[in-house]
Amino acid sequence: MSQNPPASTGPAPSFVTDALIVGGGMAGLTAAIALARAGLSVVLVDEQPPPLTVTPEFDGRVSAITHASVQLFKALGAYAAMAPFAQPILDIRVSDGRPGERPSPLFLHFHHGDVGPEPFGVMLENRHTRIGLMQTLAGLPQVTVLAPAQATVVERTPAGVRAVLADGRTIAARLVVACDGKASPLRAAAGIKTVGWDYGQVGIVTTVEHEKPHHGVAHEHFLPSGPFAILPMTGNRSSLVWTERKDLAPALMALGHEAFDGEVRRRFGDHLGRVVSVGPHFSYPLSFHMTTRFVDTRLALVADAAHAVHPIAGQGLNLGLRDIAALAEVLADGKRLGLDPGDGEVLARYERWRRTDSLIMGSVMDGLNRLFSNDAAPVRLMRDLGLAAVNRLPGLKRFFMHHARGTVGKLPRLLEGKPL
Ligand SMILES: Cc1cc2nc3c(=O)[nH]c(=O)nc-3n(C[C@H](O)[C@H](O)[C@H](O)COP(=O)(O)OP(=O)(O)OC[C@H]3O[C@@H](n4cnc5c(N)ncnc54)[C@H](O)[C@@H]3O)c2cc1C
(Lines give C-alpha, C1' and ligand atoms only; values in the text may rest on other atoms or scores of the structure.)
Protein backbone atom coordinates (compact mmCIF):
# COMPACT_ATOMS: atom_id res chain seq x y z
CA MET A 1 0.00 0.00 0.00
CA SER A 2 1.47 3.36 -0.95
CA GLN A 3 0.32 6.81 0.05
CA ASN A 4 1.09 9.39 -2.63
CA PRO A 5 -0.28 12.91 -2.88
CA PRO A 6 -3.64 12.80 -4.68
CA ALA A 7 -3.75 13.79 -8.30
CA SER A 8 -5.68 17.03 -8.62
CA THR A 9 -7.05 16.07 -12.01
CA GLY A 10 -7.79 12.79 -13.73
CA PRO A 11 -10.65 10.57 -14.84
CA ALA A 12 -13.86 10.50 -12.78
CA PRO A 13 -13.75 7.92 -9.95
CA SER A 14 -15.60 4.63 -10.41
CA PHE A 15 -17.33 5.15 -7.04
CA VAL A 16 -18.04 8.23 -4.92
CA THR A 17 -18.94 7.63 -1.27
CA ASP A 18 -18.92 9.13 2.22
CA ALA A 19 -16.88 6.31 3.76
CA LEU A 20 -14.52 3.77 2.25
CA ILE A 21 -13.93 0.74 4.47
CA VAL A 22 -10.83 -1.28 3.62
CA GLY A 23 -11.14 -4.82 5.00
CA GLY A 24 -14.26 -6.95 5.18
CA GLY A 25 -13.45 -9.23 8.12
CA MET A 26 -15.95 -9.29 10.99
CA ALA A 27 -14.96 -5.71 11.92
CA GLY A 28 -15.26 -4.31 8.39
CA LEU A 29 -18.62 -5.98 7.79
CA THR A 30 -19.98 -4.62 11.09
CA ALA A 31 -18.53 -1.16 10.42
CA ALA A 32 -20.24 -1.03 7.02
CA ILE A 33 -23.65 -1.68 8.60
CA ALA A 34 -23.04 0.72 11.49
CA LEU A 35 -21.87 3.57 9.26
CA ALA A 36 -24.83 3.01 6.93
CA ARG A 37 -27.12 3.20 10.00
CA ALA A 38 -25.31 6.48 10.84
CA GLY A 39 -26.62 7.82 7.54
CA LEU A 40 -23.46 7.50 5.45
CA SER A 41 -22.96 5.95 2.05
CA VAL A 42 -20.31 3.22 2.23
CA VAL A 43 -18.01 1.30 -0.11
CA LEU A 44 -16.49 -1.83 1.48
CA VAL A 45 -13.55 -3.58 -0.19
CA ASP A 46 -12.00 -6.91 0.75
CA GLU A 47 -9.37 -9.06 -0.92
CA GLN A 48 -11.17 -12.32 -0.18
CA PRO A 49 -14.14 -13.72 -2.12
CA PRO A 50 -17.04 -13.65 0.42
CA PRO A 51 -18.16 -17.29 -0.20
CA LEU A 52 -14.67 -18.49 0.78
CA THR A 53 -14.73 -16.63 4.10
CA VAL A 54 -17.80 -18.52 5.36
CA THR A 55 -16.48 -22.04 4.72
CA PRO A 56 -15.57 -24.14 7.80
CA GLU A 57 -11.96 -24.39 6.53
CA PHE A 58 -11.39 -20.60 6.30
CA ASP A 59 -11.73 -19.68 9.98
CA GLY A 60 -12.23 -22.32 12.67
CA ARG A 61 -12.65 -19.83 15.50
CA VAL A 62 -15.73 -19.55 17.63
CA SER A 63 -15.84 -16.16 19.33
CA ALA A 64 -17.13 -15.14 22.71
CA ILE A 65 -19.44 -12.24 21.92
CA THR A 66 -20.18 -10.21 25.05
CA HIS A 67 -23.68 -9.22 26.12
CA ALA A 68 -22.90 -5.62 25.03
CA SER A 69 -21.76 -6.78 21.58
CA VAL A 70 -24.96 -8.83 21.21
CA GLN A 71 -26.87 -5.60 21.92
CA LEU A 72 -24.89 -3.93 19.12
CA PHE A 73 -25.70 -6.70 16.62
CA LYS A 74 -29.35 -6.45 17.66
CA ALA A 75 -29.40 -2.66 17.26
CA LEU A 76 -27.84 -3.05 13.80
CA GLY A 77 -30.52 -5.56 12.79
CA ALA A 78 -27.97 -8.36 12.30
CA TYR A 79 -28.59 -10.60 15.30
CA ALA A 80 -31.74 -12.43 14.18
CA ALA A 81 -29.71 -14.31 11.54
CA MET A 82 -27.06 -15.25 14.14
CA ALA A 83 -29.32 -16.18 17.06
CA PRO A 84 -30.13 -19.78 15.98
CA PHE A 85 -26.38 -20.59 16.12
CA ALA A 86 -25.60 -18.78 19.39
CA GLN A 87 -24.84 -20.65 22.60
CA PRO A 88 -25.43 -18.52 25.72
CA ILE A 89 -22.53 -18.36 28.21
CA LEU A 90 -24.19 -18.87 31.59
CA ASP A 91 -21.20 -19.51 33.86
CA ILE A 92 -17.44 -18.97 33.68
CA ARG A 93 -15.07 -21.17 35.67
CA VAL A 94 -11.39 -20.27 36.03
CA SER A 95 -8.97 -22.92 37.33
CA ASP A 96 -5.28 -23.72 37.42
CA GLY A 97 -3.56 -27.04 36.65
CA ARG A 98 -1.12 -29.16 34.68
CA PRO A 99 -1.79 -31.54 31.74
CA GLY A 100 -2.91 -34.96 33.01
CA GLU A 101 -3.63 -33.64 36.54
CA ARG A 102 -6.87 -32.62 38.22
CA PRO A 103 -7.40 -28.81 38.41
CA SER A 104 -6.36 -27.04 41.62
CA PRO A 105 -9.21 -27.05 44.21
CA LEU A 106 -8.84 -23.24 44.46
CA PHE A 107 -10.87 -21.81 41.61
CA LEU A 108 -13.04 -18.91 40.58
CA HIS A 109 -16.65 -19.34 39.47
CA PHE A 110 -18.82 -16.64 37.89
CA HIS A 111 -22.58 -17.13 37.54
CA HIS A 112 -24.41 -14.76 35.17
CA GLY A 113 -27.38 -14.50 37.54
CA ASP A 114 -25.20 -12.61 40.04
CA VAL A 115 -25.10 -9.55 37.75
CA GLY A 116 -28.38 -9.77 35.86
CA PRO A 117 -30.83 -12.05 34.15
CA GLU A 118 -29.00 -12.14 30.80
CA PRO A 119 -26.05 -14.43 29.97
CA PHE A 120 -22.50 -13.06 29.94
CA GLY A 121 -22.70 -13.28 26.17
CA VAL A 122 -22.85 -15.95 23.52
CA MET A 123 -20.45 -18.20 21.64
CA LEU A 124 -20.80 -17.86 17.87
CA GLU A 125 -18.82 -19.51 15.09
CA ASN A 126 -17.07 -16.72 13.18
CA ARG A 127 -18.56 -17.97 9.94
CA HIS A 128 -22.10 -17.59 11.33
CA THR A 129 -21.29 -14.07 12.47
CA ARG A 130 -20.00 -13.28 8.97
CA ILE A 131 -23.08 -14.82 7.32
CA GLY A 132 -25.42 -12.79 9.55
CA LEU A 133 -23.52 -9.59 8.79
CA MET A 134 -23.41 -10.29 5.03
CA GLN A 135 -27.16 -10.97 4.94
CA THR A 136 -27.81 -7.67 6.72
CA LEU A 137 -25.51 -5.79 4.34
CA ALA A 138 -27.34 -7.25 1.36
CA GLY A 139 -30.43 -5.30 2.47
CA LEU A 140 -28.64 -1.93 2.67
CA PRO A 141 -28.68 -0.09 -0.70
CA GLN A 142 -26.33 2.61 0.62
CA VAL A 143 -23.51 0.02 0.95
CA THR A 144 -21.53 -1.21 -2.07
CA VAL A 145 -19.43 -4.32 -1.44
CA LEU A 146 -16.45 -4.86 -3.74
CA ALA A 147 -14.94 -8.31 -3.13
CA PRO A 148 -12.61 -9.79 -4.08
CA ALA A 149 -10.90 -6.43 -4.56
CA GLN A 150 -7.61 -5.18 -3.17
CA ALA A 151 -6.97 -1.53 -2.28
CA THR A 152 -3.45 -0.89 -3.53
CA VAL A 153 -3.17 2.88 -3.14
CA VAL A 154 -5.05 5.12 -0.71
CA GLU A 155 -4.30 8.83 -1.05
CA ARG A 156 -5.50 11.13 1.75
CA THR A 157 -5.38 14.92 1.90
CA PRO A 158 -7.45 17.50 3.82
CA ALA A 159 -9.58 17.70 0.64
CA GLY A 160 -10.53 14.02 0.42
CA VAL A 161 -9.60 10.38 -0.07
CA ARG A 162 -8.88 8.66 -3.37
CA ALA A 163 -8.28 4.89 -3.50
CA VAL A 164 -7.13 2.73 -6.37
CA LEU A 165 -7.99 -0.96 -6.52
CA ALA A 166 -5.73 -3.61 -8.06
CA ASP A 167 -8.12 -3.89 -11.01
CA GLY A 168 -7.78 -0.14 -11.71
CA ARG A 169 -11.14 1.00 -10.35
CA THR A 170 -11.01 4.15 -8.20
CA ILE A 171 -13.02 5.33 -5.21
CA ALA A 172 -13.42 8.92 -3.99
CA ALA A 173 -14.40 9.17 -0.31
CA ARG A 174 -14.46 11.65 2.57
CA LEU A 175 -13.27 9.17 5.17
CA VAL A 176 -11.34 5.89 4.99
CA VAL A 177 -11.83 3.34 7.78
CA ALA A 178 -8.99 0.84 8.15
CA CYS A 179 -10.43 -2.56 9.09
CA ASP A 180 -7.52 -4.26 7.34
CA GLY A 181 -6.39 -6.43 10.24
CA LYS A 182 -3.31 -6.85 12.42
CA ALA A 183 -0.78 -6.04 9.70
CA SER A 184 -2.89 -3.07 8.48
CA PRO A 185 -1.29 -1.83 5.25
CA LEU A 186 -3.24 1.44 5.69
CA ARG A 187 -1.74 1.99 9.15
CA ALA A 188 1.75 1.33 7.81
CA ALA A 189 1.24 3.67 4.84
CA ALA A 190 0.08 6.40 7.23
CA GLY A 191 3.30 5.97 9.24
CA ILE A 192 1.37 5.24 12.46
CA LYS A 193 3.63 3.36 14.85
CA THR A 194 2.63 0.43 17.04
CA VAL A 195 3.91 -0.81 20.36
CA GLY A 196 3.80 -4.58 20.65
CA TRP A 197 5.42 -7.96 21.03
CA ASP A 198 5.13 -11.57 20.00
CA TYR A 199 3.96 -13.93 22.77
CA GLY A 200 5.99 -16.88 21.48
CA GLN A 201 2.68 -18.73 21.69
CA VAL A 202 0.06 -19.93 19.23
CA GLY A 203 -3.64 -20.50 19.75
CA ILE A 204 -4.58 -24.01 18.61
CA VAL A 205 -8.27 -24.04 17.81
CA THR A 206 -10.55 -26.98 17.24
CA THR A 207 -14.14 -28.05 17.87
CA VAL A 208 -14.83 -31.09 20.05
CA GLU A 209 -17.87 -33.21 20.74
CA HIS A 210 -18.39 -34.62 24.23
CA GLU A 211 -20.72 -37.12 25.88
CA LYS A 212 -22.20 -34.88 28.58
CA PRO A 213 -23.89 -31.45 28.26
CA HIS A 214 -21.79 -28.39 29.14
CA HIS A 215 -24.73 -26.45 30.65
CA GLY A 216 -23.40 -23.23 29.11
CA VAL A 217 -20.25 -23.20 31.26
CA ALA A 218 -17.08 -21.68 29.77
CA HIS A 219 -13.86 -23.00 31.31
CA GLU A 220 -10.59 -21.11 31.40
CA HIS A 221 -8.09 -23.70 32.58
CA PHE A 222 -4.58 -22.35 33.08
CA LEU A 223 -1.78 -24.72 32.10
CA PRO A 224 1.99 -24.05 32.15
CA SER A 225 2.05 -23.26 28.39
CA GLY A 226 -0.86 -20.82 28.76
CA PRO A 227 -4.65 -20.80 29.00
CA PHE A 228 -6.69 -23.74 27.72
CA ALA A 229 -10.23 -22.49 27.09
CA ILE A 230 -13.22 -24.81 26.72
CA LEU A 231 -16.02 -22.71 25.27
CA PRO A 232 -19.60 -24.00 24.97
CA MET A 233 -21.20 -24.32 21.54
CA THR A 234 -24.70 -25.42 20.57
CA GLY A 235 -25.36 -29.13 21.29
CA ASN A 236 -22.80 -31.27 23.07
CA ARG A 237 -19.95 -29.36 21.41
CA SER A 238 -17.24 -27.03 22.64
CA SER A 239 -14.59 -24.92 20.98
CA LEU A 240 -11.04 -25.19 22.32
CA VAL A 241 -8.56 -22.34 22.32
CA TRP A 242 -5.40 -24.07 23.46
CA THR A 243 -2.49 -21.68 23.99
CA GLU A 244 0.77 -23.50 23.36
CA ARG A 245 4.44 -22.59 23.06
CA LYS A 246 5.27 -21.70 19.48
CA ASP A 247 8.18 -24.17 19.32
CA LEU A 248 5.98 -27.09 20.47
CA ALA A 249 2.97 -26.31 18.29
CA PRO A 250 4.18 -27.71 14.91
CA ALA A 251 4.66 -31.20 16.40
CA LEU A 252 1.18 -31.08 17.98
CA MET A 253 -0.40 -29.88 14.75
CA ALA A 254 1.32 -32.71 12.84
CA LEU A 255 -0.13 -35.43 15.11
CA GLY A 256 -2.63 -37.87 13.64
CA HIS A 257 -6.26 -37.57 14.76
CA GLU A 258 -6.08 -40.15 17.60
CA ALA A 259 -2.80 -38.82 19.02
CA PHE A 260 -4.07 -35.21 18.82
CA ASP A 261 -7.25 -36.18 20.67
CA GLY A 262 -5.10 -37.93 23.29
CA GLU A 263 -3.27 -34.64 23.93
CA VAL A 264 -6.60 -32.79 24.05
CA ARG A 265 -7.97 -35.24 26.66
CA ARG A 266 -4.87 -34.86 28.89
CA ARG A 267 -5.66 -31.15 29.11
CA PHE A 268 -9.47 -31.23 28.89
CA GLY A 269 -10.06 -33.78 31.65
CA ASP A 270 -13.10 -36.05 31.89
CA HIS A 271 -15.76 -33.73 33.36
CA LEU A 272 -17.76 -33.89 30.08
CA GLY A 273 -17.18 -37.59 29.41
CA ARG A 274 -15.36 -38.79 26.30
CA VAL A 275 -14.09 -35.99 24.05
CA VAL A 276 -13.46 -36.26 20.28
CA SER A 277 -12.27 -33.48 18.01
CA VAL A 278 -14.40 -32.87 14.93
CA GLY A 279 -13.32 -30.87 11.90
CA PRO A 280 -9.96 -29.29 11.14
CA HIS A 281 -7.38 -28.05 13.65
CA PHE A 282 -6.18 -24.46 13.27
CA SER A 283 -3.20 -22.60 14.69
CA TYR A 284 -2.99 -18.81 15.06
CA PRO A 285 0.19 -16.93 16.07
CA LEU A 286 -0.46 -14.72 19.12
CA SER A 287 0.90 -11.21 19.47
CA PHE A 288 0.02 -7.92 21.13
CA HIS A 289 0.04 -4.48 19.58
CA MET A 290 -1.43 -1.09 20.24
CA THR A 291 -1.18 1.88 17.92
CA THR A 292 0.15 5.20 19.12
CA ARG A 293 -2.70 6.98 17.29
CA PHE A 294 -6.15 5.82 16.16
CA VAL A 295 -6.69 8.55 13.55
CA ASP A 296 -4.91 10.58 10.91
CA THR A 297 -6.04 12.89 8.11
CA ARG A 298 -9.42 11.43 7.02
CA LEU A 299 -8.40 8.04 8.44
CA ALA A 300 -9.77 6.01 11.38
CA LEU A 301 -8.18 2.75 12.53
CA VAL A 302 -10.61 0.15 13.84
CA ALA A 303 -10.35 -3.29 15.53
CA ASP A 304 -7.18 -5.35 14.89
CA ALA A 305 -5.79 -2.54 12.74
CA ALA A 306 -5.71 -0.46 15.94
CA HIS A 307 -5.05 -3.11 18.60
CA ALA A 308 -4.56 -6.85 18.91
CA VAL A 309 -4.85 -8.49 22.33
CA HIS A 310 -4.22 -11.97 23.69
CA PRO A 311 -7.37 -14.14 23.24
CA ILE A 312 -7.18 -15.15 26.93
CA ALA A 313 -10.57 -13.62 27.71
CA GLY A 314 -12.06 -13.52 24.20
CA GLN A 315 -12.04 -9.73 24.00
CA GLY A 316 -10.29 -8.90 20.69
CA LEU A 317 -13.30 -8.63 18.42
CA ASN A 318 -15.40 -7.20 21.25
CA LEU A 319 -12.92 -4.34 21.56
CA GLY A 320 -13.19 -3.82 17.81
CA LEU A 321 -16.98 -3.72 18.07
CA ARG A 322 -16.65 -1.05 20.77
CA ASP A 323 -14.51 0.96 18.31
CA ILE A 324 -17.18 0.61 15.64
CA ALA A 325 -20.02 1.61 17.98
CA ALA A 326 -18.07 4.71 19.10
CA LEU A 327 -17.05 5.67 15.55
CA ALA A 328 -20.61 5.29 14.25
CA GLU A 329 -21.89 7.43 17.12
CA VAL A 330 -19.45 10.32 16.59
CA LEU A 331 -20.14 10.20 12.84
CA ALA A 332 -23.93 10.18 13.37
CA ASP A 333 -23.64 13.11 15.81
CA GLY A 334 -21.33 14.93 13.37
CA LYS A 335 -23.77 14.40 10.52
CA ARG A 336 -26.59 15.92 12.58
CA LEU A 337 -24.39 19.00 12.97
CA GLY A 338 -23.67 19.03 9.24
CA LEU A 339 -20.00 18.04 9.68
CA ASP A 340 -17.89 16.23 7.10
CA PRO A 341 -17.30 12.56 8.11
CA GLY A 342 -13.55 13.15 7.75
CA ASP A 343 -13.65 16.24 10.01
CA GLY A 344 -10.61 16.31 12.31
CA GLU A 345 -12.62 17.11 15.46
CA VAL A 346 -15.05 14.25 14.81
CA LEU A 347 -12.15 11.81 14.42
CA ALA A 348 -10.36 13.21 17.49
CA ARG A 349 -13.50 12.51 19.52
CA TYR A 350 -13.39 8.90 18.33
CA GLU A 351 -9.74 8.57 19.34
CA ARG A 352 -10.29 10.08 22.80
CA TRP A 353 -13.16 7.68 23.41
CA ARG A 354 -11.40 4.50 22.36
CA ARG A 355 -7.69 4.79 23.00
CA THR A 356 -7.60 4.55 26.80
CA ASP A 357 -10.19 1.77 26.99
CA SER A 358 -8.27 -0.30 24.42
CA LEU A 359 -4.98 0.28 26.19
CA ILE A 360 -6.39 -0.80 29.57
CA MET A 361 -8.02 -3.94 28.16
CA GLY A 362 -4.89 -4.87 26.16
CA SER A 363 -2.65 -4.43 29.22
CA VAL A 364 -4.97 -6.49 31.45
CA MET A 365 -5.07 -9.35 28.90
CA ASP A 366 -1.29 -9.19 28.58
CA GLY A 367 -0.78 -9.26 32.35
CA LEU A 368 -3.17 -12.17 32.82
CA ASN A 369 -1.41 -14.22 30.15
CA ARG A 370 1.99 -13.56 31.74
CA LEU A 371 0.70 -14.42 35.21
CA PHE A 372 -0.95 -17.65 34.11
CA SER A 373 1.66 -18.89 31.58
CA ASN A 374 4.10 -19.39 34.43
CA ASP A 375 4.79 -22.69 36.18
CA ALA A 376 7.01 -21.39 39.01
CA ALA A 377 5.69 -22.85 42.30
CA PRO A 378 5.43 -19.51 44.23
CA VAL A 379 3.61 -17.88 41.30
CA ARG A 380 1.22 -20.83 41.07
CA LEU A 381 0.49 -20.65 44.78
CA MET A 382 -0.10 -16.88 44.73
CA ARG A 383 -2.45 -17.01 41.76
CA ASP A 384 -4.41 -19.97 43.17
CA LEU A 385 -4.86 -18.06 46.41
CA GLY A 386 -5.77 -14.98 44.34
CA LEU A 387 -8.47 -16.92 42.46
CA ALA A 388 -9.92 -18.25 45.70
CA ALA A 389 -9.81 -14.77 47.27
CA VAL A 390 -11.61 -13.10 44.34
CA ASN A 391 -14.18 -15.91 44.53
CA ARG A 392 -15.00 -14.79 48.08
CA LEU A 393 -15.13 -11.03 47.39
CA PRO A 394 -18.55 -10.25 45.88
CA GLY A 395 -17.62 -6.65 44.89
CA LEU A 396 -14.50 -7.66 42.99
CA LYS A 397 -16.28 -10.65 41.48
CA ARG A 398 -19.06 -8.40 40.16
CA PHE A 399 -16.44 -6.06 38.66
CA PHE A 400 -14.92 -8.97 36.66
CA MET A 401 -18.38 -10.18 35.65
CA HIS A 402 -19.32 -6.74 34.26
CA HIS A 403 -16.09 -6.83 32.23
CA ALA A 404 -17.02 -10.27 30.89
CA ARG A 405 -20.40 -8.85 29.79
CA GLY A 406 -18.72 -5.81 28.20
CA THR A 407 -20.83 -3.42 30.24
CA VAL A 408 -18.05 -1.29 31.76
CA GLY A 409 -17.14 2.31 30.95
CA LYS A 410 -18.99 4.91 28.90
CA LEU A 411 -20.85 2.73 26.43
CA PRO A 412 -21.78 3.99 22.97
CA ARG A 413 -25.53 3.86 22.28
CA LEU A 414 -25.30 0.81 20.00
CA LEU A 415 -23.73 -1.28 22.78
CA GLU A 416 -26.78 -0.52 24.92
CA GLY A 417 -28.97 -1.80 22.10
CA LYS A 418 -30.16 1.74 21.24
CA PRO A 419 -30.33 3.26 17.75
CA LEU A 420 -27.76 5.89 16.73
C1 LIG B 1 -7.25 -17.95 18.60
C2 LIG B 1 -8.07 -16.69 18.67
C3 LIG B 1 -9.28 -16.67 19.34
C4 LIG B 1 -10.02 -15.50 19.43
N5 LIG B 1 -11.20 -15.50 20.14
C6 LIG B 1 -11.88 -14.35 20.28
C7 LIG B 1 -13.09 -14.32 21.05
O8 LIG B 1 -13.53 -15.33 21.61
N9 LIG B 1 -13.76 -13.13 21.16
C10 LIG B 1 -13.28 -11.98 20.58
O11 LIG B 1 -13.90 -10.93 20.76
N12 LIG B 1 -12.15 -12.00 19.84
C13 LIG B 1 -11.45 -13.14 19.67
N14 LIG B 1 -10.32 -13.15 18.90
C15 LIG B 1 -9.90 -11.92 18.20
C16 LIG B 1 -10.67 -11.74 16.88
O17 LIG B 1 -10.66 -12.94 16.14
C18 LIG B 1 -10.05 -10.62 16.07
O19 LIG B 1 -9.97 -9.46 16.89
C20 LIG B 1 -10.94 -10.29 14.85
O21 LIG B 1 -11.09 -11.42 14.04
C22 LIG B 1 -10.33 -9.14 14.04
O23 LIG B 1 -11.17 -8.86 12.97
P24 LIG B 1 -10.75 -7.76 11.90
O25 LIG B 1 -11.91 -7.65 10.97
O26 LIG B 1 -10.24 -6.53 12.58
O27 LIG B 1 -9.47 -8.35 11.13
P28 LIG B 1 -9.34 -9.52 10.05
O29 LIG B 1 -10.27 -10.63 10.34
O30 LIG B 1 -7.90 -9.82 9.98
O31 LIG B 1 -9.81 -8.86 8.69
C32 LIG B 1 -8.99 -8.01 7.93
C33 LIG B 1 -9.51 -8.04 6.49
O34 LIG B 1 -8.84 -7.01 5.75
C35 LIG B 1 -8.67 -7.48 4.43
N36 LIG B 1 -7.62 -6.66 3.81
C37 LIG B 1 -6.39 -6.36 4.31
N38 LIG B 1 -5.75 -5.52 3.48
C39 LIG B 1 -6.59 -5.26 2.45
C40 LIG B 1 -6.49 -4.46 1.29
N41 LIG B 1 -5.39 -3.74 0.99
N42 LIG B 1 -7.53 -4.43 0.42
C43 LIG B 1 -8.65 -5.15 0.68
N44 LIG B 1 -8.80 -5.91 1.79
C45 LIG B 1 -7.79 -5.97 2.65
C46 LIG B 1 -8.33 -8.97 4.59
O47 LIG B 1 -8.66 -9.68 3.43
C48 LIG B 1 -9.22 -9.37 5.77
O49 LIG B 1 -10.44 -9.91 5.34
C50 LIG B 1 -9.54 -14.32 18.81
C51 LIG B 1 -8.33 -14.33 18.10
C52 LIG B 1 -7.59 -15.51 18.04
C53 LIG B 1 -6.28 -15.48 17.28
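The values are calculated or read from the model by the stated rules, or taken from the named source; none is laboratory data. Since we're looking at a predicted model, the values are computed, not measured. Please note: Cβ atoms are built from the backbone with ideal geometry, for glycine as well, and neighbour counts cover all protein chains shown.
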_Which numbered condition A300 misses (of (1) closer than 24 Å to A172 by Cβ; (2) in contact with a Lys or Arg (Cβ under 7 Å, 6 or more places away or on another chain); (3) within 16 Å of the ligand (Cβ to nearest atom))_ = (2)
*When only residues in the stretch 148-178 that are exposed (fewer than 15 other Cβ atoms within 10 Å of the Cβ) and closer than 20 Å to G191 by Cα count, which is nearest to the ligand (Cβ to nearest atom)?*
T152
*asked:* Could you list, ordered by first residue, the pairs with Cβ atoms under 7 Å in which the first is in the stretch 67-89 and touching a residue at least 12 places away in the same chain (Cβ under 8 Å) and the second is acidic (D, E) and outside any loop (DSSP other than H, G, I, E, B), at least 6 apart or interchain?
replied: Q71/E416; F85/E125
*Have a look at L40, L35, L44, L29 and point out the one that is in contact with a Gly (Cβ under 7 Å, 6 or more places away or on another chain) and either at pLDDT 95 or above or not in a strand (DSSP E or B) (or both).*
L44
*Would you mention how many residues in the stretch 312-344 are within 16 Å of the ligand (Cβ to nearest atom) and either polar (S, T, N, Q) or touching a helix residue (DSSP H, G or I) at 6+ places or on another chain (Cβ under 8 Å) (or both)?*
16
*asked:* Let me confirm something: among L137, L146, L90, which residue is under 30 Å from P394 (Cβ atoms) and aliphatic (A, V, I, L, M)?
replied: L90
*Quick one: which residue in D340, D296 is among the acidic types (D, E), closer than 26 Å to L40 by Cα and surrounded by fewer than 19 Cβ atoms within 10 Å (Cβ to Cβ)?*
D340
*asked:* It is to be established whether one or more residues within the stretch 271-283 are at pLDDT 95 or above and within 10 Å of the ligand (Cβ to nearest atom).
replied: yes
*With P227, P280 as the choices, which residue is in contact (Cβ under 8 Å) with a residue 24 or more places away in the chain, over 18 Å from D59 (Cβ atoms) and in a strand (DSSP E or B)?*
P227
